[in-house]
Every structure is written in structure tokens, then in C-alpha cells.
Amino acid sequence: MADIINMPKLGFDMAEGVLVRWVKQIGEPIDKGEVLAEIETDKATVEVESAFTGVVLQHLVDAGASVPVNDPIAVVGAEGEQVSVTSNQSSVSSEQKPAEATAATQPESGETDAPAQSQIENQKSETLKASPLAKKIARDRGVDLGAVVGTGPGGRIVRRDIDAALSHQSSVISIQPTPDTSHPAPRTFSASDETIPTTKLRQAIGRRLVESKTTIPHFYVTHEYKMEALMDLRKQLNGYLPEDEKLSVNDFVVKAVALGLREFPNLNAILQGDKIIRKGGINVGVAVTVPGGLMTVVVQAADQKPLRIISNEVKAMAARAREGKVKPEDVDGSTFSTSNLGMYDVEDFIAIINPPEAAILAISSAREVPVVSGGQVVPGWRMKATVSVDHRISDGAEAAQFMKALAKYLEEPIRMLV
């Protein structure tokens, strides 16, 4: 029996996605877990994997179509199986082929009237259009979009075109030197105003966080942790690990948060009407910096995974997020989020709750500072963290107890290894 594959929902506020490219064509075999298509959201280009094994029997939408979440996009079944499935009419796609559309609008006399000429000009301008992700990558890498040939629907420039251009710099495009982000050059001051259009990702972040701050009553609790034992353990463990698998302080924090949420399930919850739903799984979101904004990748069942697995998963998901090639499971299903600015030498900050979650933890830098011990001022490692909590779900006392519970793991990190 044939199976339907739907447009996945990637995130709380996703309403639709653009089907950028079919990776598997009609008649091609596909295994469960293989990439079927690429879709583009406000945040990234995502690879949609097939949940079934069989043959691709139908594409229910055209490449370039904007499809609401959960609408069917393809049919997978047995070879030779006869199916008759139509796409949901709410999805936006054109049933008329480009060649047919051209023939329908061509004047019989062979002369081009003003509307037709305008249409031609519009078609020419379409070739310079680019997807939001392609624009971000082009801007970050100094790529001249006007010199890139688009291969997307209607000549739209998509990510693969930018990648191709970058791999053939000398013959395809002109690229400015990539700036050293670790030591950025001083910016030349200009007295004139500069207008910079906001990206779709930045617009999505704005909508979501405005909603969060205006509809969720935030309160904040800060705790300072003793980090000497964790820094020593991390150094010892990293001595046994290859360079690309070394543990970060953030890996320990994610594990500690997951274990702490076992004790405080009220913070691993969402509010639905007049009910609080405590989530069964503990899936910790990790905010990742991507070109033009932020994205939250998700460590599924973080309380059940060892530190090394958490570290490897976060590295892999962060890399895919920065490349704009996340998988649906990378960004879906977080029950509690973390935001770490420790790498920027930050002493303290607060974060905005990621709806519909109950809380988010803001993690600052682990720093060697003067501390008082036994009446003496001595050097010590300290790290501040602040939890932002939805006051409709929890209260200050519970949040304070959760932060104290984190100390049990961060200050005695051996607990996270047993």
C-alpha cells in the first residue's frame, strides 16, 4: 500500500515551506532515511527524508511551490503500484507548465504588445531573484549575485548555485576577501544612512521573540557556580579524546540541565489553555549562531546520553545549521532551551523564552576570578547562569531550587559520568 509523505513542521511557528528541489525523481527507488527533497523555511534549507522504503510514485507539488505544513508532497509505494492522490488545494503550486503558459500568452500576430513586453521584463528580473538562504550565504561570503546563474524555479538563485560559484571563483564570480571575524577590521565611518533589508530569519526571530516578551510573564533567577572540578575533569577527559571530539563546557551544561529537569519536570513543560503539560522526553535545545541570526538545535533525550554523544551531536547539528542543511529532527521537539555566550567573555545576561517552552537558561563565561576561601582571597573558576521562567507555569522558589540542583552536577561533575 502506498504511503504519503507530508511537509514536516520544523519549529513552533512554521506555517509553510518552499519545496526547493526534488532529490528523488518519480520512478526512482528510495530507502527509509534517504533524502527525498529539500525544503526552505524562514531559517534554513532542510533535507526531508523518506519515512518509507519503496519507489517514488508521485510528486504532489512542483519544485518552487510553497506548501503548508502537514500537506502531502509525495507518494512512495511498490513499483508499478497504481495510485491516484491529489495535493491539498491550499498549497500554492502551478498546474500549468511554463511552456504552456508561454504559448497561451503569445500573440497570434507575432507582435509583442505592452503587457507581454512587461511580462518578459518581469521574467528577466526573476532570474536575479535568490532564496533567503542564498542571499545570506552570498552576503557573508562576498558573492556578487548578479554574476551567479540561478538553477532554481524560474531562474531563482538557490544555495547550490552559490556553492557552485564558490567552487569556481575565478571563472564564475568575483568574491571579496572573507573578513577575519576573530579580528574584524575597523569599519569605515559613513555620514550617510545605510538601509539594510531584514532577512526572513531575522523577521522570524523578531516575530517570535516579540510574542514571547509580550505574552509570557518572564522572571529571572541567577546562580554562580564553582567550576574548578568541572574544568579539571574536562581537561582530563579531553586528554583522551581526538581534537575534533573534545568536550566543551557547554556539553557539561546541557547534560546537567537534562539531569536537573528530571527532578523538576514542571520546567520541562508547556502551557496549553488552562493545562500544564509536562513533557515525557527531555530534549534540550542549544542556540547556535548562524548567518543572519540564531537557530536552536535539539539534543533529543539528553538525560539518557553520555557527554561524548551529546558533544558529537551538537557539533554535527551546529555545522549543518551554519551550512543551512539541517535535518527535521535537528530543530524539532525541544522542551527546554539553553543559550551560551561564554565564548564571548560575557559575565552575565538573560535570555528570552523560546515558546511554547517554560524556561531557558542563559550561560555566561567560566572565568578565573578572585574568590574568598577560608578568609583568604585566592583565584577560582566561577560561572554565572540565569534561568528565565514563565511565571504562569512556575514560581521563583522552584526556579531557585532547579538552579541549586544544577550545582550538584556542575560542581561535582563526576555525577554526570555515572
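Scanning the stretch 251-282 for residues that are outside any strand (DSSP E or B), surrounded by 22 or more Cβ atoms within 10 Å (Cβ to Cβ) and not β-branched (V, I, T) yields D251, F252, K255, A256, A258, G260, L261, L267, N268.
Is it true that some residue in the stretch 339-351 is touching a residue at least 24 places away in the same chain (Cβ under 8 Å) and either among the basic types (K, R) or part of a strand (DSSP E or B) (or both)? Scanning the stretch 339-351 turns up at least one residue that is touching a residue at least 24 places away in the same chain (Cβ under 8 Å) and either among the basic types (K, R) or part of a strand (DSSP E or B) (or both).
Results for (1) surrounded by 12 or more Cβ atoms within 10 Å (Cβ to Cβ); (2) part of a helix (DSSP H, G or I), shown as yes or no for each residue.
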residue	(1), (2)
D193	no, no
P197	no, no
R208	yes, yes
E211	yes, yes
V221	yes, no
Y225	yes, no
M231	yes, yes
K235	no, yes
Y240	no, no
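Take V257 and tell me if it is in contact with a Gly (Cβ under 8 Å, 6 or more places away or on another chain) and either closer than 27 Å to I350 by Cα or among the charged types (D, E, K, R) (or both). No; evaluated as a whole, the condition is false for this residue. Considering the stretch 314-360, and only residues there that are surrounded by fewer than 18 Cβ atoms within 10 Å (Cβ to Cβ) and among the aromatic types (F, W, Y), the residue that is nearest to A164 (Cα to Cα) turns out to be Y344. Just for the stretch 361-395: of the residues that are assigned to a strand (DSSP E or B) and of a type in the set (S, T, N, Q), which one is surrounded by the most Cβ atoms within 10 Å (Cβ to Cβ)? The extreme case among them is S388. Report whether or not T199 is hydroxyl-bearing (S, T, Y), under 29 Å from the mean Cα position of the chain (by Cα) and modelled with pLDDT of 90 or more. The answer is no for T199.
Scanning the stretch 196-206 for residues that are in contact (Cβ under 8 Å) with a residue 40 or more places away in the chain and either over 27 Å from S394 (Cα atoms) or in contact with an Asp or Glu (Cβ under 7 Å, 6 or more places away or on another chain) (or both) yields T199, K200, L201, R202, Q203, A204.
Okay, residues lined up against (1) at pLDDT below 75; (2) surrounded by 14 or more Cβ atoms within 10 Å (Cβ to Cβ); (3) part of a helix (DSSP H, G or I); (4) in contact with a Gly (Cβ under 7 Å, 6 or more places away or on another chain):
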residue: V48; (1), (2), (3), (4): no, yes, no, no
residue: V55; (1), (2), (3), (4): no, yes, no, yes
residue: E81; (1), (2), (3), (4): no, no, no, no
residue: S90; (1), (2), (3), (4): yes, no, no, no
residue: Q96; (1), (2), (3), (4): yes, no, no, no
residue: E100; (1), (2), (3), (4): yes, no, yes, no
residue: G110; (1), (2), (3), (4): yes, no, no, no
residue: K124; (1), (2), (3), (4): yes, no, yes, no
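Of all the listed residues (A351, A362, A385), the sole one being over 14 Å from H218 (Cβ atoms), in the same structural domain as E224 (by TED's automatic domain parsing), among the small types (G, A, S) and modelled with pLDDT of 95 or more is A385.
Scanning the stretch 301-320 for residues that are among the hydrophobic types (A, V, I, L, M, F, W, C), touching a residue at least 12 places away in the same chain (Cβ under 8 Å) and not in a loop (DSSP other than H, G, I, E, B) returns A302, L307, I310, V314, M317, A318. Restricting the stretch 10-35 to residues that are buried (at least 18 other Cβ atoms within 10 Å of the Cβ) and modelled with pLDDT of 90 or more, the residue that is nearest to R156 (Cα to Cα) is W22. From the set of residues in the stretch 320-348 that are of a type in the set (A, V, I, L, M) and closer than 17 Å to G285 by Cβ, which is modelled with the highest pLDDT? Residue satisfying both the conditions and the ranking: L341.
The values are calculated or read from the model by the stated rules, or taken from the named source; none is laboratory data. It should be emphasised that the depicted structure is a prediction, and the values quoted were computed from it without experimental measurement. All Cβ positions, glycine included, derive from the backbone under ideal geometry; neighbour counts span all protein chains shown.
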